[in-house]
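**Student:** Please see the structure below; I have some questions.
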Amino acid sequence: MNKPVMPKKLQYDNYEPLYAARKKVYPQSVSGTFRRIKWALMAVCLGVYYFLPFVRWNRGPDAPDQAALLDFPNQRFYFFFIELWPQEVYYFTGLLIVASVTLFLMNSIGGRIWCGYLCPQTVWTDLFYAVERWIEGDRRERMRKDAAAHRWTLRRSCEVALKHAIWLMIAWWTGGAWVLFFSDAPSLMNDLAAFQAPMVAYLWIGILTSTTYLLAGHMREQVCTYMCPWPRIQASLTDEWALNVTYRYDRGEKRTSVKKAAELRALGEHVGHCVDCYQCVAVCPTGIDIRNGPQLECIQCGLCVDACDAVMKKIGRPTRLIGYDNEINILRRQQGQPPIYRIVRPRTIIYGLFIALVVGIMLYALNTRSLLKLNVLHDRNPVAVTLSDGSIRNAYTMRLLNKSGFDRVIAIDIDGPVNATVHVVGANSVMPDRPEVVIGRDQTTELRLLVTAPKENNPERSIPVHFHVTDIGLGVVASATDNFVAP
């Protein structure tokens, strides 16, 4: 049988959109403890990002003097007194491990405090909001002006144009500061101004300018709600002891106005401290009502705490009706028990010890690393040859890495085969039995070595051969091991 076809009118009447339409958020300015913390952290984060490329660090002659520099052409990473080579990429792996576990530790202590205070999306969005308030006014003024968008005046047009111009300048400098970490900052700025910089620099400035302008100026809370995976991940990493921004409903309910609360108390009814002023909603950068409990959109910024505290002080009631707390303490207060906080617990101890272990390993490896590296590779074709006098010769490729900022004179020694001699192809040495070569500073040098030993003194098919290179001036030794084989 054919199914009856639903009339088109009924189809459209029953239609529901897959996604809710965006409700524009107008966060109100607020002052208080957590707002001051956010301002301070914003200043530190933006200061480091924008001005670190201009900090100088003396590394000696002919070495870059930029404190933080990722030098791709020369394959180096510089950070103040630290210089890393491509062979030391494991340090970056360690940093990523420390960063991820630190994020887990922060989450186990204070929920999404990374999102509320240190996330780049939060920092730049806060900055863009500050510009918007400075030009267009606070929450009510912006709402009123947007509601009257059909009545554009010259003043309103100038405000909007100025706001977007400043946003674009901030976004442009954000992209410009990023590329300065990859080349000498003053020189690159001059090249950019003269339109002589590499095209890839202009490309990345354009990409980061557009993304900063769109994400911080237009998408804002939508990034945290829909695009960022961390809210979904952190929910599985938290536990019941983590401190989150919480509405203490044991104190707040039943909600009512100040005037009504006085009347109900006179009648002997229980009334909570919440006066339903909606200030916590007005200041929220994601537009949620914290009184509805834990929500995906909440970034734990604490601005609702400041707004609620201000209201409580005005009406003479205790502060921290909203604060960093957990459900356990709310239940304990309802039962007449004092709240307890467990910052130090097995989870946080394990995270802390793991961070300390990885950092300790990295610091030990950094402090004990040698600036002279040696690698030896045996020739494969032929593996060995027999000379006219019956002796055996093996050939090797030796790669020397000099990470220091000066030239090194190194001597090459071997041990293993009996009465063996070593010869460096293309190098003349004062001591034929102990070749000496000069390795340039901050570079890799490849040498071809010929090791010869009498057959009668080395009857075994394969003998371990140890190569040692010694810095004549400093006495630093690097070693490598291979095999000396017979034909």
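The values are calculated or read from the model by the stated rules, or taken from the named source; none is laboratory data. Model, not experiment: these values are computed from the prediction. Cβ sites come from the backbone with ideal geometry, for glycine too, and all protein chains shown count toward neighbours.
**Student:** With touching a helix residue (DSSP H, G or I) at 6+ places or on another chain (Cβ under 7 Å), within 20 Å of Val359 (Cα to Cα) and not aromatic (Phe, Trp, Tyr) as the only criterion, which of Leu103, Leu118 stands out? Break it down stepwise before answering.
**Tutor:** On the way: Leu118 fails: within 20 Å of Val359 (Cα to Cα).
Among Leu103, Leu118, only Leu103 is touching a helix residue (DSSP H, G or I) at 6+ places or on another chain (Cβ under 7 Å), within 20 Å of Val359 (Cα to Cα) and not aromatic (Phe, Trp, Tyr).
**Student:** From the list Pro417, Pro459, exactly one residue is surrounded by 14 or more Cβ atoms within 10 Å (Cβ to Cβ) and in a loop (DSSP other than H, G, I, E, B). Which is it? Break it down stepwise before answering.
**Tutor:** Values: Pro459 fails: surrounded by 14 or more Cβ atoms within 10 Å (Cβ to Cβ).
The unique qualifying residue is Pro417.
**Student:** Here is a list: Ala201, Ala171. Which entry is more than 27 Å from Cys301 (Cβ to Cβ), touching a helix residue (DSSP H, G or I) at 6+ places or on another chain (Cβ under 6 Å), of a type in the set (A, V, I, L, M) and assigned to a helix (DSSP H, G or I)? Let's see the steps before the verdict.
**Tutor:** On the way: Ala171 fails: more than 27 Å from Cys301 (Cβ to Cβ).
Result of the check over Ala201, Ala171: Ala201.
**Student:** Might you let me know whether the stretch 247-269 holds any residue that is surrounded by 14 or more Cβ atoms within 10 Å (Cβ to Cβ), farther than 26 Å from Ala21 by Cβ, in contact with a strand residue (DSSP E or B) (Cβ under 6 Å, 6 or more places away or on another chain) and at pLDDT 85 or above?
**Tutor:** yes
**Student:** A follow-up question, please. Would you point out which residue out of Lys9, Lys3, Lys23 is modelled with pLDDT under 85, loosely packed, with under 15 Cβ neighbours inside 10 Å and closer than 27 Å to Ala171 by Cα?
**Tutor:** Working: Lys9 fails: closer than 27 Å to Ala171 by Cα; Lys3 fails: closer than 27 Å to Ala171 by Cα.
Result: Lys23 is the single residue among Lys9, Lys3, Lys23 that is modelled with pLDDT under 85, loosely packed, with under 15 Cβ neighbours inside 10 Å and closer than 27 Å to Ala171 by Cα.
**Student:** Looking at this structure, is Leu377 within 30 Å of Pro61 (Cα to Cα) and either in the same structural domain as Pro86 (by TED's automatic domain parsing) or in a strand (DSSP E or B) (or both)? Outline the logic, then answer.
**Tutor:** On the way: within 30 Å of Pro61 (Cα to Cα): no; either in the same structural domain as Pro86 (by TED's automatic domain parsing) or in a strand (DSSP E or B) (or both): yes.
No, not satisfied.
**Student:** Hey, can you tell me all the residues within the stretch 217-243 that are hydrophobic (A, V, I, L, M, F, W, C) and within 15 Å of Cys301 (Cβ to Cβ)? Steps first, answer last, please.
**Tutor:** Filtering the stretch 217-243 for residues hydrophobic (A, V, I, L, M, F, W, C) gives 219, 223-224, 227-228, 230, 233, 235, 237, 241-243.
The answer is Val223, Cys224, Cys228, Trp230, Leu243.
**Student:** Looking at Gly293, is it surrounded by fewer than 19 Cβ atoms within 10 Å (Cβ to Cβ), over 23 Å from Met42 (Cα atoms) and touching a residue at least 40 places away in the same chain (Cβ under 8 Å)? Spell out the reasoning first.
**Tutor:** Working: surrounded by fewer than 19 Cβ atoms within 10 Å (Cβ to Cβ): yes; over 23 Å from Met42 (Cα atoms): yes; touching a residue at least 40 places away in the same chain (Cβ under 8 Å): yes.
Taking the combined requirement at face value, the residue satisfies it.
**Student:** Right, something else. Could you tell me whether Thr319 is among the hydroxyl-bearing types (Ser, Thr, Tyr), farther than 17 Å from Ile109 by Cα, assigned to a loop (DSSP other than H, G, I, E, B) and in contact (Cβ under 8 Å) with a residue 40 or more places away in the chain?
**Tutor:** Details: among the hydroxyl-bearing types (Ser, Thr, Tyr): yes; farther than 17 Å from Ile109 by Cα: yes; assigned to a loop (DSSP other than H, G, I, E, B): yes; in contact (Cβ under 8 Å) with a residue 40 or more places away in the chain: no.
When the stated conditions are applied, Thr319 does not pass them.
**Student:** Kindly indicate whether any position in the stretch 317-324 is loosely packed, with under 12 Cβ neighbours inside 10 Å and of a type outside the set (Asp, Glu). Break it down stepwise before answering.
**Tutor:** Initially, the stretch 317-324 is screened for residues loosely packed, with under 12 Cβ neighbours inside 10 Å, giving 318.
Restricting the remaining residues to those that are of a type outside the set (Asp, Glu) gives 318.
Yes; the residues of the stretch 317-324 include at least one that is loosely packed, with under 12 Cβ neighbours inside 10 Å and of a type outside the set (Asp, Glu).
**Student:** A further question follows. Between a residue in the stretch 344-372 that is over 15 Å from Leu237 (Cβ atoms) and any residue that is surrounded by 12 or more Cβ atoms within 10 Å (Cβ to Cβ) and charged (D, E, K, R), which pairs come within a Cβ distance under 6 Å, given they are 6 or more apart or on different chains?
**Tutor:** Partner pairs satisfying both residue conditions: Leu371/Lys403.
**Student:** So which of Arg434, Arg399, Arg448, Arg461 is under 14 Å from Leu371 (Cα atoms) and not assigned by TED's automatic domain parsing to the domain that holds Trp85?
**Tutor:** On the way: Arg434 fails: under 14 Å from Leu371 (Cα atoms); Arg448 fails: under 14 Å from Leu371 (Cα atoms); Arg461 fails: under 14 Å from Leu371 (Cα atoms).
Sole residue among the options that is under 14 Å from Leu371 (Cα atoms) and not assigned by TED's automatic domain parsing to the domain that holds Trp85: Arg399.
**Student:** Sticking with this one: Checking the structure you have, find out if any residue of the stretch 185-196 is aromatic (Phe, Trp, Tyr), more than 15 Å from Tyr49 (Cα to Cα), over 19 Å from the mean Cα position of the chain (by Cα) and assigned by TED's automatic domain parsing to the domain that holds Trp124. If you could, list the steps in order and put the result at the bottom.
**Tutor:** Within the stretch 185-196, the first condition is being aromatic (Phe, Trp, Tyr), and the residues that meet it are 195.
Okay, now just the ones that are also more than 15 Å from Tyr49 (Cα to Cα), so 195.
Filter once more, so that each one left must be over 19 Å from the mean Cα position of the chain (by Cα): 195.
When the remaining residues are screened for being assigned by TED's automatic domain parsing to the domain that holds Trp124, the result is 195.
Checked against the condition, which is being aromatic (Phe, Trp, Tyr), more than 15 Å from Tyr49 (Cα to Cα), over 19 Å from the mean Cα position of the chain (by Cα) and assigned by TED's automatic domain parsing to the domain that holds Trp124, the stretch 185-196 yields at least one hit.
**Student:** Any residue that is over 30 Å from Leu243 (Cβ atoms) and assigned to a helix (DSSP H, G or I) - is there at least one of those in the stretch 115-132?
**Tutor:** Yes; the residues of the stretch 115-132 include at least one that is over 30 Å from Leu243 (Cβ atoms) and assigned to a helix (DSSP H, G or I).
**Student:** If I ask for residues that are farther than 25 Å from Ile109 by Cβ, in contact with a helix residue (DSSP H, G or I) (Cβ under 7 Å, 6 or more places away or on another chain) and not assigned by TED's automatic domain parsing to the domain that holds Met312, which ones from the stretch 217-272 would you list?
**Tutor:** Listed by number, the residues that qualify are Gly217, Arg220.
**Student:** With respect to Val437, determine if the residue is under 30 Å from Pro64 (Cβ atoms) and loosely packed, with under 14 Cβ neighbours inside 10 Å.
**Tutor:** Working: under 30 Å from Pro64 (Cβ atoms): yes; loosely packed, with under 14 Cβ neighbours inside 10 Å: no.
Answer is no for this residue.
**Student:** Another question about this same structure. If Leu357 satisfies all but one of (1) under 30 Å from Pro459 (Cβ atoms); (2) in a helix (DSSP H, G or I), what's the number of the condition it fails?
**Tutor:** All conditions are met except number (1).
**Student:** Considering only residues of the stretch 350-408 that are in contact with a Ser or Thr (Cβ under 7 Å, 6 or more places away or on another chain) and of a type in the set (Lys, Arg), which is surrounded by the most Cβ atoms within 10 Å (Cβ to Cβ)?
**Tutor:** Filtering the stretch 350-408 for residues that are in contact with a Ser or Thr (Cβ under 7 Å, 6 or more places away or on another chain) and of a type in the set (Lys, Arg), the one surrounded by the most Cβ atoms within 10 Å (Cβ to Cβ) comes out as Arg393.
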